[in-house]
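Since every read-out is calculated from the coordinates, none of them should be taken as a lab result. What you see is a predicted model, and the numbers here were worked out from it, not measured in a lab. Don't worry about glycine lacking a Cβ; one is built from the backbone with ideal geometry, like all the others, and counts go over all protein chains shown.
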Amino acid sequence: MLLLIQNGTVINPGDHTEEKADVLVEDGKIKKIALQQKVKADRIINAEDCYVMPGFIDMHVHLRDPGQEDKETVETASLAAVHGGFTTIVAMPNTKPVVDNSDVVNYVHNKAKDVGLAHVLQTGAITRGQRGEELSNIEDMVEAGIPAISEDGKTVMNAQLYREAMTLAVKYDIPVLAHCEDANMVKGGIVNADKDMEKMGFAGISNSVEDVIAARDIMLAKDTGVALHLCHCSTKDSVRLVQLAKQEGIRVTAEVCPHHFILTSEDIPGNDANFKMNPPLRTKKDVEALKEGLKADIMDVIATDHAPHTLIEKGVGMKKAPFGIVGLETVAALTMTELVDKGYLTIMQMAEKMSYHPAKILGLDKGVVEEGKPADLVVFNPSKEYVIHPEEFYSKGRNTPFAGRKVKGMVMATVVDGRVVYEKG
Ligand code: DOR
Ligand code: ZN
Ligand code: ZN
């Protein structure tokens, strides 16, 4: 099977090249990148006016499978992923049951293989049942192929236990993906701690809830030498902390989600739980610091924290609804519209933050467009404009604060291991 992606502009973060070329794919691998290739291909994708980029890699997705299949399944998340241009997604372990042993890891990996769309990599929980009391069997899960450990959804509040987990992560050469939230400081908060939110009668979550744990985790990374990755950074001081840590040579990387680099608490239209997520929407100063941090490459990764919930669960108002919004099918366009088009990022940086850096952090042989490498690719049209309609999502989740928003940038095709797994229209 020969696939030819014609007339696109190839973006390769591997050597920072951006060039017009055809990409020929055979047997799941990139065979040749060159202008005007004359071959009899079995399938042709016209990439005129499009970028041909390394398939996006989302380091932060909630699959809800096993246990909460009314919210999402491995299948619907995989469909949403390829619709959004993702060729690899990394699943967080806060499912039911929690992913704290190899059986659950194997369940997710096998199901994803049966679905056969995107690569799905399941992370392992740090503590048994995410209860924060004793370590889960990390070695067992490493043997089953977890790319990282994480307690996402929660923080490991016991620093000594966390340090032991980090020491194991060093031994097995995997990163720790950290959800930074001091559990004792949350106190029923649901939105950012600011005056407007107080006026609306919503309890606040201060920046320090995140910052104290980010600082602690960076110190633990310094202590253990672990590769620490800070999930969903939302505060200006988290950017400063990451910058300082990097200057000191501590192995830290950090991610930002689209909602945190676009929206503030002022955008919350009232009692609409599609604007409720954890960490919460912050202030203009935080948003500006996150964007500048992305621009300056202090912040390495754009991830979604794709967190689907049902309409019913999200329909009960801010106070009672669960935290989380979906993101797989909107992040590329939002990044193009809000960061690339507005001059914060180059298209190369977008490819780095959505593919190359995640691959590096996770130790995957992906994130580049080079001959001989696996053909995980996305064909992305940066100038196609449209309005976000949640009804068009492949995800079961419709919970997005971006419904009705006009964006620019459309995924035209997604290729996984040389197979066209999504094509527009
Ligand atoms: O908004 C969030 N939703 N933040 C988290 O940390 C967890 C996630 C979820 O699982 O719903
Ligand atoms: Zn989290
Ligand atoms: Zn999460």
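Give the lysines whose C-alpha is closer than 25 Å to that of LYS40, dropping any in the same chain fewer than 8 places away, or say none.
Cross-link targets: LYS20, LYS29, LYS31, LYS32, LYS373, LYS424.
To the nearest 20 debye, what is the magnitude of the charge dipole of the range 39-183 about its Cα centre, counting +1 on the Cβ of each Lys and Arg and -1 on the Cβ of each Asp and Glu?
In total the dipole reaches around 160 debye.
Sequence-distant or interchain residues sharing an amide H contact under 5 Å with ALA254, placed H: which?
LEU230, ASP300, VAL301
Please list, ordered by chain and number, the residues whose modelled amide H lies under 5 Å from the amide H of MET277; skip anything fewer than 5 residues away on the same chain.
GLY324
Top mean-square fluctuation among TYR107, TYR394, TYR356, Gaussian network model of the chain, C-alpha springs under 10 Å?
Maximum fluctuation in the GNM of the chain, among the listed residues, is at TYR107.
Taking the chain as the region of interest, what is the percent of Cα-Cα pairs per 20 angstrom bin, listed from the shortest bin to the one with the maximum distance?
28, 60, 12, 0
Summing Lys, Arg as +1 and Asp, Glu as -1, what charge do residues with Cβ under 13 Å from the Cβ of SER265 carry, SER265 excluded?
-1
If every alpha-carbon in the range 300-350 counts as one equal scatterer, what log10 I(q)/I(0) does Debye give at q = 0.13, 0.14, 0.20 1/Å?
-0.44, -0.49, -0.73
How many angstrom separate the Cα center of the range 26-60 from the Cα center of the range 112-137?
32
At 0.890 mPa s and 25 °C, plugging the Kirkwood radius over alpha-carbon pairs of the range 123-192 into Stokes-Einstein gives what diffusion coefficient in µm²/s?
196
Taking neighbour counts of Cβ atoms within 10 Å as a proxy for exposure, in what order, fewest first, do ASP173, ASP140 appear?
Placing the least packed residue first, the sequence is ASP173, ASP140.
Given the pairs LYS171/LYS222; LYS314/LYS396; LYS276/LYS319; LYS366/LYS408; LYS154/LYS187, which are separated by over 18 angstrom at their Cα positions?
Too far apart for the 18 Å limit: LYS366/LYS408.
So what's Rg/Rh here for the range 1-153, counting alpha carbon atoms and using the Kirkwood radius for Rh?
Ratio of gyration radius to Kirkwood radius: 1.10.
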